[in-house]
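The values are calculated or read from the model by the stated rules, or taken from the named source; none is laboratory data. Please read these numbers as outputs of a predicted model, since none were measured by experiment. Glycine gets a Cβ as well: all are built from the backbone with ideal geometry, and neighbour counts include every protein chain shown. Please note that ligands, DNA and RNA were not included when accessible areas were found on the heavy atoms of the full protein model with its side chains. Shrake-Rupley method; radii C 1.70, N 1.55, O 1.52, S 1.80 Å.
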Amino acid sequence: MTVAEKTRIETGDDGFMLDRATETMPRDKLRELQLERLKWSLGHACTNSPFYAKAFAEAGVKPEDLKSLDDLRRFPFTLKTDLRDTYPFGMFAVPRTELRRLHASSGTTGKPTVVGYTAGDIDRWADLMARSMASGGARPGDVVHNAYGYGLFTGGLGMHYGAERLGCTVVPISGGGTERQIMLLQDFASRVLCATPSYALNLAESAMQMGVDPATLPVSCGIFGAEPWTEEMRAELDRQFGIRSVDIYGLSEIMGPGVACECDHAREGLHGWEDHFLFEIIDPETAETLPMGEIGELVITTLTKEALPIIRYRTRDITRLTDEPCGCGRTHLRIERITGRDDEMMIIRGVNVYPSQVEAALVGAPGLAPHYQIVLEREGAMDAMSIEVEVVVGAAESDDDHDRIAADVRHRIKGLIGVTCKVRALPPGSVPRSQGKAVRVRDMRKKS
Ligand code: DLL
């Protein structure tokens, strides 16, 4: 099928959808489709992946035991360590010669997590990315400036194939070379900017340093994700660029970007594409499945992946689901903006704190630039958090000014999160800028 044939444009009263029939499928039909595909996925995993054959046997379950979607609870979880333990190809369910592409997560230490795709997997991924981008406001014919990193990271190529499938013109710029990016954004008249939110912020700042107001750039749609970010950060990015930005979610173990994406209509939660994935929320402590609407850990099962079917993957991402109808007309459930990963949660004087809560308290505060880092230290037997913020140019002349701004931030954090912490207000440009996924936390506990 050609790109033009694939890029089926359907418009209606409620706007633009790439695949209206699927995106607005009644929920009972969607569940029927999920059940049929889930049976296939469990059977495929059990027959073709020795890892799953063993895992199912140990849990005493067979694919035939699944009669309803609820029966999935009887099947075992998959953990990130399972992918590491079977490095590199141990979980794949197709012969190596069927793999058309490999990606890998960077990982801070040791071996990366390797994922693989058949030609069919890459094709479906492009479809889902095109669907996500269309839902987020991209249109065929747009120039898409793709500043997600290319390479083993799924962001760059995932977006790239999706944008081409949608019928856009892709600028495969990747991350870095920030000043050049501003020039090309202007010269190529890119309407869509794809980047991590922290890198998008870096781009806006560089534009200003070059004397270019980011609001005058031709961009009107931002497709931002790959890291946690807040409504406050969205407001900041939308204001600086003069755009409407949407949140896109995904993870390499499940596919890459495009597992879920907000619609630019509501921007209230990310539509999780239920024709290809099954979403659950569990209690991260007990691993019990929680009802719709409860906050917990997101667990995802692939329904159509050939090379690497994944059953009940514990993402460690904390969020909640809703199947309330969305104003855009799409029927696929929505995943609330991810608060953070459960392994990023800090316990500060007995209070659970996610970096995103700190971001929400900081971004938009008077005199502050939207750049920050959290430093974790050990104070006796307790963890202590200090926050490095940055003042905007002209906001602080003297040490007293810096102290006043720091005291104000300390007060905001205490009021909004309920913890007392040290705050250092640093001169403009002091906090490291992101080229991709931002490093928000500097953990000094092991070193001190
Ligand atoms: O980050 C895939 C991606 C690329 C998503 C581009 C969106 C855009 P990984 O490198 O495997 O894949 O990292 C996946 O990043 O489990 C979350 O913890 C986090 N993450 C991804 N998107 C979001 C988001 C890509 N929108 C991990 N909000 C996930 C919050 C996100 N966290």
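State yes or no: is residue 268 out of contact with any Pro (no Cβ under 8 Å at 6 or more places or on another chain), surrounded by fewer than 20 Cβ atoms within 10 Å (Cβ to Cβ) and under 18 Å from residue 311 (Cβ atoms)? Considered against the rule, which asks whether it is out of contact with any Pro (no Cβ under 8 Å at 6 or more places or on another chain), surrounded by fewer than 20 Cβ atoms within 10 Å (Cβ to Cβ) and under 18 Å from residue 311 (Cβ atoms), residue 268 comes out as no.
When residue 267 is tested against the conditions (1) within 16 Å of the ligand (Cβ to nearest atom); (2) in a loop (DSSP other than H, G, I, E, B); (3) in contact (Cβ under 8 Å) with a residue 60 or more places away in the chain; (4) within 18 Å of residue 321 (Cα to Cα), the lone failure is (3). Do we have any residue at all in the stretch 137-151 that's within 15 Å of the chain's Cα centre (by Cα), open to solvent by 20 Å² or more (accessible area, probe 1.4 Å) and touching a residue at least 60 places away in the same chain (Cβ under 8 Å)? Among the residues of the stretch 137-151, at least one is within 15 Å of the chain's Cα centre (by Cα), open to solvent by 20 Å² or more (accessible area, probe 1.4 Å) and touching a residue at least 60 places away in the same chain (Cβ under 8 Å), which makes the answer yes. Please verify whether the stretch 296-309 includes one or more residues that are at positive phi and either open to solvent by 20 Å² or more (accessible area, probe 1.4 Å) or not in a strand (DSSP E or B) (or both). Taking every residue of the stretch 296-309 in turn, none turns out to be at positive phi and either open to solvent by 20 Å² or more (accessible area, probe 1.4 Å) or not in a strand (DSSP E or B) (or both). Looking across the stretch 242-264, just one residue is more than 8 Å from the ligand (Cβ to nearest atom), in a strand (DSSP E or B) and acidic (Asp, Glu), and that is 262.
For the stretch 228-242, give me each residue that is acidic (Asp, Glu) and in contact (Cβ under 8 Å) with a residue 60 or more places away in the chain.
Across the stretch 228-242, the qualifying residues are 231, 232, 236.
In the stretch 243-254, the residues that are more than 18 Å from residue 336 (Cβ to Cβ) reach residues that are part of a loop (DSSP other than H, G, I, E, B) and of a type in the set (Asp, Glu) with C-beta atoms within less than 9 angstrom, at least six apart or across chains, in these pairs: 244/264. For the stretch 82-109, the set of residues classified as within 13 Å of the ligand (Cβ to nearest atom) and closer than 19 Å to residue 157 by Cβ consists of 103, 104, 105, 106, 107, listed by residue number.
Here 104, 55 are screened, and the one residue that is open to solvent by less than 50 Å² (accessible area, probe 1.4 Å), outside any loop (DSSP other than H, G, I, E, B) and more than 29 Å from residue 127 (Cα to Cα) is 55. Counting only strands (runs of 3 or more DSSP E) that sit completely within the stretch 364-444, those holding 1 or more residues that are under 30 Å from residue 146 (Cα atoms) and open to solvent by less than 60 Å² (accessible area, probe 1.4 Å) correspond to 368-379, 382-391, 441-443. The set of residues in the stretch 327-363 being more than 16 Å from the ligand (Cβ to nearest atom), open to solvent by 60 Å² or more (accessible area, probe 1.4 Å) and either under 20 Å from the mean Cα position of the chain (by Cα) or polar (S, T, N, Q) (or both) consists of 352 alone. Annotation: residue 367 fulfils all but one of (1) at pLDDT below 95; (2) on the phi < 0 side of the Ramachandran plot; the unmet one is (2).
Among the residues of the stretch 52-71, is any of a type in the set (Ser, Thr, Tyr) and either within 15 Å of the ligand (Cβ to nearest atom) or within 30 Å of residue 435 (Cβ to Cβ) (or both)? Outline the logic, then answer.
We begin by selecting, within the stretch 52-71, every residue of a type in the set (Ser, Thr, Tyr); these are 52, 68.
Of the ones still in play, those that are also either within 15 Å of the ligand (Cβ to nearest atom) or within 30 Å of residue 435 (Cβ to Cβ) (or both) are none.
The answer is no; no qualifying residue exists.
Apart from one condition, residue 41 fits all of (1) closer than 29 Å to residue 286 by Cβ; (2) more than 25 Å from the chain's Cα centre (by Cα); the exception is (2).
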